[in-house]
2 protein chains.
Amino acid sequence: MLELKGHTGDDLCRSMLERHADVISVQKPDVALKKLKIIISAALKLSNSKGFQAMSLRDLSKESGVSMGGLYAYFDSKTTLLNMILSEVTGAVDSVLGNPPPEVVSDPIEHLKWLIEAHIRLTEEMQPWFSFAFMEAKNFPAKERGRAVDSEALTESLFAEVTARAIADGRFRPGVTPLLPTMIKPLLQDWYVKRAKYRRRKVSVDDYIAAVQEMVLTTCLPVDQLSHPAAG
Amino acid sequence: MLELKGHTGDDLCRSMLERHADVISVQKPDVALKKLKIIISAALKLSNSKGFQAMSLRDLSKESGVSMGGLYAYFDSKTTLLNMILSEVTGAVDSVLGNPPPEVVSDPIEHLKWLIEAHIRLTEEMQPWFSFAFMEAKNFPAKERGRAVDSEALTESLFAEVTARAIADGRFRPGVTPLLPTMIKPLLQDWYVKRAKYRRRKVSVDDYIAAVQEMVLTTCLPVDQLSHPAAG
DNA sequence: ACTTGTCAAGCGAGCGTTCGTTCTATAAAT
DNA sequence: ATTTATAGAACGAACGCTCGCTTGACAAGT
């Protein structure tokens, strides 16, 4: 089973500290990391329940137990806080989906299956972060919204490339809808957008990965290559 | 081709006037309708570009050309405005998807195809309304958020019912994923969530309906019933 | 024909509140 | 003693909402 490394809350906050050392005025790394984790997890919790823009810094102060002034030791504006989180999400997408293991890139079908699995596993590990970055994106200031949109476009382009390669290699059924790469995205996004629903229904990550892979492959593979129970 | 009636901006605002006659203090129906249309279209435009909660009533006043006081002749609070729009959306979903034409209900496959088409055509006609109701829902006050969630659940239950019926009738391939009805929803929602993208790529409503129907039916029909180019 | 009275409709300054942000005083650590 | 971290009061701007005033169409009275 695919393993992703380096995307726990701890890893991500550590990366944030490096990336934004210029605006974070707290010097001691261990103190900074400990508090940053508390602040970020409170920010994700509040944003994902009431929206980033509706979350006031007083809410965040109360939820995290850090005073108003204390918060401003970790960012210099509310928009900077937004950007700090956003950077980690887009960075994770780039580094994970952009670096497929060598053994899958030669076969577009395997590459496609890997992209589906990697995307779902990454969003599972970073669920509140993805909800934040893409569900809230519409309400972001213009520049930050643009970054979220670009990140989404990049993901879709990866699916478009691998699909085009599969078609060029004659691996797909002729006449399969050109909308296929576009339609994969909403299926993947549903995993983190509606995470609570799937949890309630006891659908596991593996169940969901298998279901999406089945639906996509059944749509695009030639009929004679379909195996009825979920393909191995 | 399926025709839906009664969901133009004009129809919807007329319905709003009746439904909320108690809070709308403007008496002359033609005056009220004309202004309400202006106000609602401005509200949808602003909400969909910056979020409902980020839209101030001063923004709305400026965009619609109606003064602050004038706005309050049409609603008694910002939340009431939200509810007025929300009611029209959930009402349209109930009345359209809940009333399939008699000729499709006997055949679950035809019913399923009809549900897909009707959903996409309805959201096409009411695109800004659906974006408002479901993309903004997360930021709504608790009660209003509940109404949006309920409406989504109702839609999914319609797909679950027709799917269950198809399986009971032996019309689906054995072993098709039980997640199918759940996965249809995100495909349908993408049409109004990412409407701008599809417009840019010159994907028509009919193209999209055909693509979703193809993907869903290819996934669930027995292999020997698949026709390779989009089924008629 | 012209004035006057009436009232629905519309306006925008201003209310109290809360927002993001800053600042100063203090506590803790080295 | 000096740096580092923290708390929370204070500030101006902007928020949802209210309210007293103006406008304009129309009917009654002359």
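The values are calculated or read from the model by the stated rules, or taken from the named source; none is laboratory data. Since this is a predicted model, take the numbers as computed values, not measurements. Virtual Cβ from ideal backbone geometry, glycine too; neighbours counted across all protein chains shown. These accessible areas exclude ligands, DNA and RNA; they are computed on the full protein's heavy atoms, side chains included. Shrake-Rupley method; radii C 1.70, N 1.55, O 1.52, S 1.80 Å.
Restricted to the stretch B:162-182, and to residues that are surrounded by 15 or more Cβ atoms within 10 Å (Cβ to Cβ) and more than 9 Å from chain A (Cβ to nearest Cβ), which residue is nearest to A:ARG200 (Cα to Cα)?
B:PRO181
Being over 22 Å from B:LEU226 (Cβ atoms) and in a helix (DSSP H, G or I) is the filter here, so list the residues in the stretch A:193-210 that pass it.
A:VAL193, A:ARG195, A:ALA196, A:LYS197, A:TYR198, A:ARG199, A:ARG200, A:VAL205, A:ASP206, A:ASP207, A:TYR208, A:ILE209
For the stretch A:183-196, which residues satisfy the criterion of being at the interface with chain B (Cβ under 8 Å from one of its Cβ atoms) and open to solvent by less than 20 Å² (accessible area, probe 1.4 Å)?
A:MET183, A:LYS185, A:PRO186, A:LEU187, A:ASP190
Let's see how each residue does on (1) in a helix (DSSP H, G or I); (2) under 21 Å from B:SER106 (Cα atoms); (3) of a type in the set (Asp, Glu); (4) in the same structural domain as B:ILE116 (by TED's automatic domain parsing):
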site: B:ALA133; (1), (2), (3), (4): yes, no, no, yes
site: B:ARG145; (1), (2), (3), (4): yes, no, no, yes
site: B:GLU152; (1), (2), (3), (4): yes, no, yes, yes
site: B:SER157; (1), (2), (3), (4): yes, yes, no, yes
site: B:THR177; (1), (2), (3), (4): no, no, no, yes
site: B:TRP191; (1), (2), (3), (4): yes, no, no, yes
site: B:VAL212; (1), (2), (3), (4): yes, no, no, yes
site: B:MET215; (1), (2), (3), (4): yes, no, no, yes
site: B:THR219; (1), (2), (3), (4): yes, no, no, yes
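In the stretch B:117-160, which residue that is without any contact (Cβ under 8 Å) to a residue 40 or more places away in the chain and touching a Phe, Trp or Tyr at 6+ places or on another chain (Cβ under 9 Å) is nearest to the other protein chains (Cβ to nearest Cβ)?
B:GLU152
Considering B:ARG171, B:ARG200, B:ARG165, which residue is under 23 Å from the mean Cα position of the chain (by Cα) and in the same structural domain as B:PRO128 (by TED's automatic domain parsing)?
B:ARG200
Examine the stretch B:90-105 for a residue that is farther than 28 Å from B:PHE159 by Cα and over 16 Å from the mean Cα position of the chain (by Cα), and state whether such a residue exists. I'd like the intermediate steps shown before the answer.
Initially, the stretch B:90-105 is screened for residues farther than 28 Å from B:PHE159 by Cα, giving none.
Checked against the condition, which is being farther than 28 Å from B:PHE159 by Cα and over 16 Å from the mean Cα position of the chain (by Cα), the stretch B:90-105 yields no hits at all.
Examine the stretch B:213-220 for a residue that is open to solvent by less than 30 Å² (accessible area, probe 1.4 Å), facing chain A (nearest Cβ under 7 Å) and of a type in the set (D, E, K, R), and state whether such a residue exists.
Yes, the stretch B:213-220 contains a residue that is open to solvent by less than 30 Å² (accessible area, probe 1.4 Å), facing chain A (nearest Cβ under 7 Å) and of a type in the set (D, E, K, R).
Condition check ((1) touching a residue at least 12 places away in the same chain (Cβ under 8 Å); (2) closer than 29 Å to A:LEU187 by Cβ) across all residues:
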position: A:ILE38; (1), (2): yes, no
position: A:GLY51; (1), (2): yes, yes
position: A:SER77; (1), (2): no, no
position: A:SER87; (1), (2): yes, yes
position: A:VAL96; (1), (2): yes, yes
position: A:ASP107; (1), (2): no, yes
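Any residue that is assigned to a helix (DSSP H, G or I) and either at negative phi or touching a helix residue (DSSP H, G or I) at 6+ places or on another chain (Cβ under 6 Å) (or both) - is there at least one of those in the stretch B:168-175?
First, the residues of the stretch B:168-175 that are assigned to a helix (DSSP H, G or I): B:168.
Among the residues that remain, those that are also either at negative phi or touching a helix residue (DSSP H, G or I) at 6+ places or on another chain (Cβ under 6 Å) (or both) are: B:168.
For the stretch B:168-175, residues assigned to a helix (DSSP H, G or I) and either at negative phi or touching a helix residue (DSSP H, G or I) at 6+ places or on another chain (Cβ under 6 Å) (or both): present.
Taking the stretch A:53-75, which residues are touching a residue at least 40 places away in the same chain (Cβ under 8 Å) and closer than 17 Å to A:SER131 by Cα?
A:GLN53
Just checking, does the stretch B:67-79 include any residue being modelled with pLDDT of 95 or more, in contact with a helix residue (DSSP H, G or I) (Cβ under 7 Å, 6 or more places away or on another chain) and more than 10 Å from DNA strand D (Cβ to nearest atom)?
yes
Before we move on, is B:ASP207 surrounded by fewer than 19 Cβ atoms within 10 Å (Cβ to Cβ), acidic (Asp, Glu) and facing chain A (nearest Cβ under 9 Å)?
Taking the combined requirement at face value, the residue satisfies it.
Look through the stretch B:22-51, keep the residues that are open to solvent by less than 60 Å² (accessible area, probe 1.4 Å) and away from DNA strand D (no atom under 16 Å from the Cβ), and return whichever of them is nearest to the other protein chains (Cβ to nearest Cβ).
B:LEU36
Tell me which of these B:GLY146 doesn't satisfy, since it passes every other one: (1) of a type outside the set (Val, Ile, Thr); (2) under 23 Å from A:LYS185 (Cβ atoms); (3) surrounded by fewer than 19 Cβ atoms within 10 Å (Cβ to Cβ).
(2)
Determine if the stretch A:55-69 includes at least one residue that is surrounded by fewer than 20 Cβ atoms within 10 Å (Cβ to Cβ) and more than 27 Å from B:ASN139 (Cα to Cα).
no
Kindly indicate whether any position in the stretch B:47-57 is at pLDDT 95 or above, out of contact with any Lys or Arg (no Cβ under 6 Å at 6 or more places or on another chain), among the hydrophobic types (A, V, I, L, M, F, W, C) and within 13 Å of DNA strand C (Cβ to nearest atom).
yes
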